[in-house]
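Below you'll find the structure, written out as structure tokens, and then a few comments.
Here, each number is a calculation from the coordinates, and none is a lab measurement. Keep in mind that this is a model prediction, so the values were computed, not measured. Ideal geometry is used to build each Cβ from the backbone, glycine not excepted, and the neighbour counts take in all protein chains shown.
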Amino acid sequence: MIAEISAGLLAPRAATSPKYLYDALGSRLFEAICELPEYYPTRTEAAILAQYGAEIARAVGAGATLIDLGAGNCAKAASLFPLLHPAQYVAVDICYDFLRESLGRLQQRFPHIEMSGLGLDFSSRLELPGTVRADQRLFFYPGSSIGNFAPEQAIAFLRRLRANVCDDGALLIGIDLVKDSATLDAAYDDALGVTAAFNLNLLRHLNQLIGADFDVRQWRHRGFYDAAAQRVEMHLEARTDVEVRWPAGARRFACGERIHTEDSYKYTREGFVGLLGQAGFSAARTWTDPAQWFAVIHARA
Ligand code: AVJ
């Protein structure tokens, strides 16, 4: 991990993986982002799940082995429990501490559902323990988190999901749809500066992970939509000439130079259905909001 982060920081165009945005504080800041008026994905997806929950549950069927990827506070999956009646709930998140707290509360609310938590970086490998039931596996990947992968990586990731389910398996996935730039720019550079704090917190996390000496005050947040690339980019930009040191390296950043911290790809429905097909899934059904800002797709193995 130290080698991966070092290499990213030393690359001509410095970059870090978005997974490092999520330490305990980063996970809480992301929760706060989800409450922002500008950040439409969470509430739009929640509205779709609320409006079409019964239809979705009928498509999925009861008794599933629900595997929640990037479960975080587990709220989205929990909202489906009363309709979906999963036989088993497996919450996976890179930040296990945060997950454990959420899961403890959830188990009290739903004592009859078998639950377990997995602290796992599922973006690099996906090994499910033997305790996860093999039948009727339903991967739940909400929030358009798949947008963090470039399309080619997304296909590879979806293929890995496909390889982890039997023929009765499926995927329920949330996709952020292509829309006007102003809406996207505002969603990733909000007025309160919560997204800025979320992005800048990465530097504190890096200090802790690799022993670097980033000074948060020397950096500013950038978040904007690139329509040609169909993605939002987040960067941290040096406010001044900066020198950063850590045990495995050192680097100078000129004023204005950036560290690329996240991509968030947007899709058309047709574009994403194409990706699913390439990964060996057949797109069964799509649900969307009236403005067509977000889509929930149920794809069968
Ligand atoms: C958690 C990856 C879906 O891309 O919208 C929110 C992360 N970054 N604001 C997204 C994020 C900045 C989010 N995902």
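Just a few scattered comments:
- Cβ-based net charge around residue 184, under 11 Å, with every Lys or Arg adding one and every Asp or Glu removing one: -4
- Inter-site label distance for residue 255 and residue 51 at 7 Å from Cα along Cβ, in nm: 4.9
- Spin-label pair residue 110/residue 10, simplified geometry with 7 Å Cα→Cβ offset, distance in nm: 4.6
- For peptides 127-133, 253-259, 94-100, sequence by mean Cβ density within 10 Å, most packed first: 94-100, 253-259, 127-133
- Assigned charges on the beta-carbon of Lys, Arg, Asp, Glu; segment 1-131 dipole about Cα centre (debye): 120
- Neighbour net charge for residue 78 - beta-carbon separation under 11 angstrom, K R +1, D E -1: +2
- Rounded to 5, the percent of DSSP beta bridges in the chain classed as antiparallel: 60
- Shown in residue order for segment 131-143 are the 3J(HN,Hα) couplings computed by the Karplus curve 6.51 cos²θ - 1.76 cosθ + 1.60 at θ = phi - 60°: 6, 7, 4, 8, 7, 6, 6, 10, 6, 10, 10, x, x Hz (x for Gly and Pro).
- Using R0 = 51 Å, the C-beta based FRET efficiency linking residue 87 and residue 153 works out to 0.95.
- Centre-to-centre, using Cα atoms only, segment 122-192 and segment 61-87 are separated by 15 Å.
- In this structure the amide hydrogen of residue 267, modeled in the peptide plane, comes within under 5 Å of the amide hydrogens of 176, 177, 178, none closer than 5 places in sequence on its chain.
- Over the chain: helical MRE at 222 nm, DSSP H runs n ≥ 4 each giving -39500 (n - 2.57), nearest 500: -11500 deg cm²/dmol
- Residues whose amide H falls under 5 Å from that of residue 15, counting only those 5 or more places apart or on a different chain, are 9, 260, with hydrogens built in the peptide plane.
- Two-decimal ratio, segment 232-301, of alpha-carbon radius of gyration to 2.2 N^0.38 Å: 1.83
- At 1.567 mPa s and 4 °C, Stokes diffusion of the chain via Kirkwood alpha-carbon radius, µm² per second: 65
- The Kirkwood hydrodynamic radius of segment 1-67, based on inverse pair distances between different Cα atoms, is 15.5 Å.
- Gain upon complete extension [residue 204, residue 191; 0.36 nm per residue less C-alpha separation]: 2.5 nm
- Size of electric dipole in the chain: Cβ of Lys, Arg +1 and of Asp, Glu -1, about Cα centre, debye, nearest 20: 340
- Three semi-axes of the equivalent ellipsoid, segment 250-289, Cα gyration tensor, whole Å, largest first: 38, 13, 7
- Between 0 and 90 degrees, the angle of helix 40-60 with respect to the longest Cα principal axis of the chain falls at about 20 degrees.
- Whether segment 120-234 is rounded, prolate or oblate, judged on the alpha carbon gyration tensor where a/c under 1.5 counts as rounded: oblate
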